[in-house]
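A short write-up of the structure that comes next.
The values are calculated or read from the model by the stated rules, or taken from the named source; none is laboratory data. Quick caveat: nothing in here was measured; it's all calculated off a predicted structure. With ideal geometry, Cβ positions are generated from the backbone for all residues, glycine too; neighbour counts draw on all protein chains shown. We work out accessible area using only protein heavy atoms, side chains counted, and drop any ligands, DNA or RNA first. Shrake-Rupley method; radii C 1.70, N 1.55, O 1.52, S 1.80 Å.
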Amino acid sequence: MTQTVAVLGTGKIGEALLSGMIRAGWRAPDLLVTTRRPERAEELRTRYGVQTVTNAEAAKNADILILAVKPQDMGTLLDELAPHIAADRLVISAAAGITTGFIEDRLAEGIPVVRVMPNTPVLVDEGMSVISAGGHATPEHLDHAEAIFGGVGKTARVPESQQDAATALSGSGPAYFYFLVEAMTDAGILLGLPRAQAHDLIVQAAIGAAVMLRDSGEHPVKLREAVTSPAGTTISAIRELENHGVRAALIAALEAARDRSRELATGNG
Ligand SMILES: NC(=O)c1ccc[n+]([C@@H]2O[C@H](COP(=O)([O-])OP(=O)(O)OC[C@H]3O[C@@H](n4cnc5c(N)ncnc54)[C@H](OP(=O)(O)O)[C@@H]3O)[C@@H](O)[C@H]2O)c1
């Protein structure tokens, strides 16, 4: 049976999902989108040939509703949707820090809700989307969410209690790598390379290392050992990283991100 999917609040993440679904073979007539601004609706109609509808129309007509508004807009959106969503619909939320309980409490009893934490590389089909079931969602509902988010990268299932940890690892994860690239580019400048060239060398090293990690199946320690010859250059650098407590700093940083995610989820902004 063909299912109709609506993206509600089609901004950056919503558009990435929409284009991923179209590339994965969903037909434009089965996709509905909602926007706040008419000019954004026109843009999406022209670009993808999808129908733009109101939130209420999406709630009435779509089998699967993907909520992709900012967390602070979620309450208003749910108020608009609540009177129109039937119990056999699936609601998938991509909003950071919004629990399935928050959504379930605002909709009719029994509506299945799935929570997904994507990250920005969904924009280039290399996302990591971490998926959790709410109180009424079944494994089949999780399969639907995976089919959609799998079009823009990888997916993983975790219990909702681990969503804050996942946010610290993969939600915020890309930022840590950008931070490293920025710092290593500065180091390149200190060593006398022009900024643009230092940037290119580091970015390609990052891409090469990422592909090796993903495709070789080797443990990171093995990959690092292969670059670390006795009395060589790499071990001199590693000693400095250990002296400066970089490993401990990363563990503390991710713990802080996890704690902040928990705070935000309890409305303690
Ligand atoms: N970007 C990320 O890295 C990232 C990562 C993980 C999760 N997320 C989550 O994904 C969600 C979307 O993020 P984003 O970066 O895509 O934000 P965004 O670009 O601002 O997209 C949200 C869109 O929703 C529209 N909107 C707001 N209220 C609406 C309503 N009542 N009806 C219809 N449309 C409405 C906004 O319209 P306007 O254009 O008029 O504001 C905007 O276009 C957020 O909840 C965020 O937590 C984002």
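Residues in the stretch 20-53 that are touching a residue at least 60 places away in the same chain (Cβ under 8 Å) and part of a helix (DSSP H, G or I): Gly20, Met21, Arg23.
Among residues of the stretch 164-189 that are on the phi < 0 side of the Ramachandran plot and free of Cβ contacts under 8 Å to residues at least 12 places away in the same chain, those with a beta-carbon under 7 Å from a residue that is away from the ligand (no atom under 16 Å from the Cβ) and in a helix (DSSP H, G or I) at least six positions away or on a different chain give the pairs Ile189/Arg195; Ile189/Ala198.
Only one of Glu57, Glu80, Glu43 is within 16 Å of the ligand (Cβ to nearest atom), surrounded by fewer than 20 Cβ atoms within 10 Å (Cβ to Cβ), under 17 Å from Thr4 (Cα atoms) and of a type in the set (Asp, Glu). Can you tell me which? Step through it out loud before you land on a result.
On the way: Glu80 fails: under 17 Å from Thr4 (Cα atoms); Glu43 fails: under 17 Å from Thr4 (Cα atoms).
Step by step, each of Glu57, Glu80, Glu43 is checked, and only Glu57 is within 16 Å of the ligand (Cβ to nearest atom), surrounded by fewer than 20 Cβ atoms within 10 Å (Cβ to Cβ), under 17 Å from Thr4 (Cα atoms) and of a type in the set (Asp, Glu).
Taken over the stretch 233-261, the criterion of being surrounded by 11 or more Cβ atoms within 10 Å (Cβ to Cβ) and not in a helix (DSSP H, G or I) is satisfied by Gly245 alone. All conditions in (1) open to solvent by less than 10 Å² (accessible area, probe 1.4 Å); (2) at pLDDT 95 or above; (3) over 21 Å from Arg262 (Cβ atoms) hold for Leu107, with the sole exception of (1).
Taking each residue of the stretch 205-220 that is in contact (Cβ under 8 Å) with a residue 12 or more places away in the chain and looking for partners that are part of a helix (DSSP H, G or I) with beta-carbon atoms closer than 8 Å, six or more apart or interchain, yields Ala206/Phe177; Ala206/Leu180; Ala206/Val181; Ala209/Leu223.
In summary, Val227 fulfils each of the numbered conditions (1) farther than 30 Å from Val114 by Cβ; (2) part of a helix (DSSP H, G or I); (3) in contact with a helix residue (DSSP H, G or I) (Cβ under 7 Å, 6 or more places away or on another chain); (4) open to solvent by 90 Å² or more (accessible area, probe 1.4 Å) with the single exception of condition (2).
Residue by residue, here is whether (1) under 22 Å from the mean Cα position of the chain (by Cα); (2) surrounded by 12 or more Cβ atoms within 10 Å (Cβ to Cβ); (3) at pLDDT 95 or above holds:
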| position | (1), (2), (3) |
| --- | --- |
| His144 | yes, yes, yes |
| Gly153 | yes, yes, yes |
| Ala156 | yes, yes, yes |
| Phe179 | yes, no, yes |
| Gly188 | no, yes, yes |
| Ala196 | no, no, yes |
| Ala205 | no, yes, yes |
| Ala209 | yes, yes, yes |
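Please specify each residue of the stretch 65-76 satisfying the condition of being surrounded by fewer than 22 Cβ atoms within 10 Å (Cβ to Cβ) and either in contact with a strand residue (DSSP E or B) (Cβ under 6 Å, 6 or more places away or on another chain) or of a type outside the set (Asp, Glu) (or both). So that I can check it myself, show each step before the final result.
Restricting attention to the stretch 65-76, the residues satisfying the condition of being surrounded by fewer than 22 Cβ atoms within 10 Å (Cβ to Cβ) are 70-76.
Correct list: Lys70, Pro71, Gln72, Met74, Gly75, Thr76.
Residues of the stretch 54-95 that are under 21 Å from Lys12 (Cβ atoms), outside any helix (DSSP H, G or I) and of a type in the set (A, V, I, L, M, F, W, C): Ala62, Ile64, Leu65, Ile66, Leu67, Ala68, Val69, Val91, Ile92, Ala94, Ala95.
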